[in-house]
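What follows is a single structure, written as structure tokens, with notes after it.
No value in this document is a laboratory result; all are computed from the given coordinates. Predicted model, so just to flag it, every value in this text is computed and none were measured. Cβ atoms come from the backbone with ideal geometry, glycine included; neighbour counts cover every protein chain shown.
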Amino acid sequence: MDSSEEEDDFSTHEYITPQTCITAIYQSKTEKDIRRICTELLDLKDAIENLRGNVHSKYLGFLRISEEVIEMEQELIDLQKHVSVQGVLVQDLMSGVCRELEIWTECQGEDHDGENDLELSEIDELLNYKMEDPRVKFLETVDIFLAEHKIEEVLLLLDAEEKNNPELTSLAENPSNESISHKEAFLERKEMLKDLLVSICEQPSVHVADLRKALSGLVKLGKITVAHQQLLKAYGYYLQKKIEDFLPSCSGYTQTFAARLSQFVFSAIHLAAKESASLFGDVPVNTNRIVQWAEYEIESLVHLVRENSPPAETHSALRSVSICVDAGLQHCSILEKQGLKFSKLLMVLIRPQIEEVLDMNFRRARKKIVDLGGNDDISFPSSQPGSPTAIVTSSTSLFINSGRRFMCFVDEILGQLTPKFILHYGGTILNKLLQLFDKYVDALIKALPGTSEDDNVLEHKDSISFKAETDAEQLALLGTAFTVADELLPMAVTSILSPQTGIKDDGGAPSGSIAPVSIGAVEYKDWRRHLQHSLDKLRDNFCRLYVLTFIYSREGKARMDARMYLEAKGDDLFWDSDPLPSLPFQALFARLQQLASVAGDILLGKEKLQKNLLSRLTETVIMWLSEEQEFWDVFEDETVQLQPFGLQQLILDMHFIAEITVCGGYSSRNIHQLVSVIITRAIGTFSERGIDPQNALPEDEWFADTAKAAISKLLLGTSASESSEMEHDDEHMLLLDEISDAEKTPSSPSSTTDSSESFASANMGEIESPVFLSDPET
């Protein structure tokens, strides 16, 4: 069957550019243009090779048909000779009979001359009647035309005979034996014609024109059901033949073979429906048969695509199924104009394979996410605006490259998807990306120092090949995750959303067609919120580990011990000439100051992230003080004597923490609430032990002013000499030594700059709560 109509309705994906167009477009003849022309020439070469193979197969079929035609002509010649011989024999027989009758008559007596003449006349009359009977002549003519396959002539004869003899199509009351025998012979010829037409339809190499003639003949015979079944069988065989010819070469087209098979199937359905409407009209029964046949062919298509597709975990499999969905839905939209709707069926049948391919591709990416320090061949793009760090060193490049590797995995997957595929499976893709990012965050948490193997952050079988030991590395890790979640990943998602598949508020689908599962605005916001939660988890783990490392010494003892509020030499801090916060809180100020300096270099351009991180660190320290029962058990121990000085020092330390956040520009409502809770609890605890807060505590303004003055002194660098003169206790000296060792930990190349300048450079007026990486409680 020819495929001209198919090519008109379904344009192929390959095209050939004429020479005139090539000359007009590529006049400059640059290297890029020449490479493109070479690519097109190679495609043209492949098309010529395919055409040559098709011509060869068609030529072999032509030779086979020619041989059959020659054999048929010889059989017809033999049949004509046989008919002529039989006619001669019949004439000879009749002549012999007549001569025998004449001889027999002469032998009879003269008495029987009259009777014999009568009998002879009756016999002659009978013989002449049989020879000249039009019914007999009609049947003989029909037999001759059937033997010669002259279908149109037979149809005309049968139609004329029915018109001339109404009893052939109606039931007479008292039909004669001759009428009954003639009717039986007539119906027998019609059955013979039907079998002949069916045999023509079932021929493998039948031409479209011959098929139409045969089907039209069946319709004229009243065999509409048989004709429609033969139509579907013919197109089914035609489709099967094309698929069998294509399958051996589909291994060379791993990404587009599914679309090619889809084109074959839907083209056959389109042509069969068009031919059915042309031959039989718009009959609901025939339409139902076409739908059933088309559903079977579509199921076979999905089965073929699944059997011949590449391994599910490869990008080729994802690209193949994506192109198949795109092409299939495009073809279904064309069929919908004919009243045939197969979009839902196609999506239901192919959905299991799509889910398997997506799951396997993302599972493969998750396995690679764990080995973020691997050295596999991945080419990273040049640095772009919005990169996670401004200063890249050998110690931080590993963590920056981890984000680039993650985005490479994402881009590889998203690059295989087509617009219609994204339109229908956008929500699934977003969920898969969210799971992939969660896996990435888990890997980064595992890279933080102090993370135990028992934390169950990753599966037990996973392991991390690197650790973020220094402040610079840890901040680079956080900055990379923030850049991926806040900039790169959303940018990659929105870049694949065309105007047809973009984020929209509400939309409806055409009646009767499958509704696209596009990415809605609410769903996209939820997805961004889940990304934020994953970042919050990474941030909270960093803050927890960072604070625990600061609070507890190498021996496991807490530096922030409540006993330091019991060992004061004075009775009243209010009358101290130069009150200062406790040494652990001075050390906390130094650590925050140092971290702010490193963050200013590593997280350049992400001031809100820096402030939020410092705010969360401070909040974590205060939460530890509020929730650490051992700290409060010291004050509640009745064997320990409490002094007003201890309550004053504790409240000053709390105001000192609050003022640190205000001066640094990262104050938050949570911090002030937690400070108020601790102060209230401390006042209540000391009151229960006999300390009157009304007499022991000065005004709140004094604590705030003293905390600000302490910050100014510490920034000016006068606290070290003064505190060394004031404190000679061995335990306090040990604490200073440990803090000094912690401050000497390498952080970044720029950490040698004056830390006071870095902290003082913070905007003193910015006291609003950070909006990035915000805590859910704020």
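Side notes on the structure shown:
- Taking label points 7 Å from Cα along the Cα-to-Cβ direction, residue 219 and residue 178 give a separation of 3.8 nm.
- Karplus-derived 3J(HN,Hα) values for the range 320-326, using 6.51 cos²θ - 1.76 cosθ + 1.60 with θ = phi - 60°, are 4, 5, 5, 5, 4, 4, 4 Hz; glycine and proline are entered as x.
- Amide H to amide H, with H built 1.01 Å from N, residue 552 comes under 5 Å of 559, counting only residues 5 or more places away or on other chains.
- Extension gain for residue 57 to residue 229 (0.36 nm times residue separation, less C-alpha to C-alpha distance): 59.2 nm.
- Taking a quarter of the surface of the Cα convex hull of the range 213-285 gives a mean projected area of 5.4 nm².
- Site pair residue 85 and residue 363 shows an inter-label distance of 7.5 nm when each label is modelled 7 Å from Cα along Cα→Cβ.
- When each of 220, 525 is scored by the number of other beta-carbon atoms lying within 10 Å, the sequence from fewest to most is 525, 220.
- With a Förster radius of 41 Å applied to the C-beta separation of residue 629 and residue 435, the computed FRET efficiency comes to 0.60.
- Proximal lysines to residue 190, defined as alpha-carbon separation beneath 20 angstrom and excluding residues fewer than eight positions away on the same chain: 137, 150, 163, 213, 220, 223
- Legend: Rg and Dmax of the range 574-613, from Cα coordinates, 14.5, 45 Å.
- The trypsin sites (Lys or Arg not before Pro) found in the range 566-667 that occupy coil by DSSP, while having at most 13 further C-beta atoms within 10 Å, are 569.
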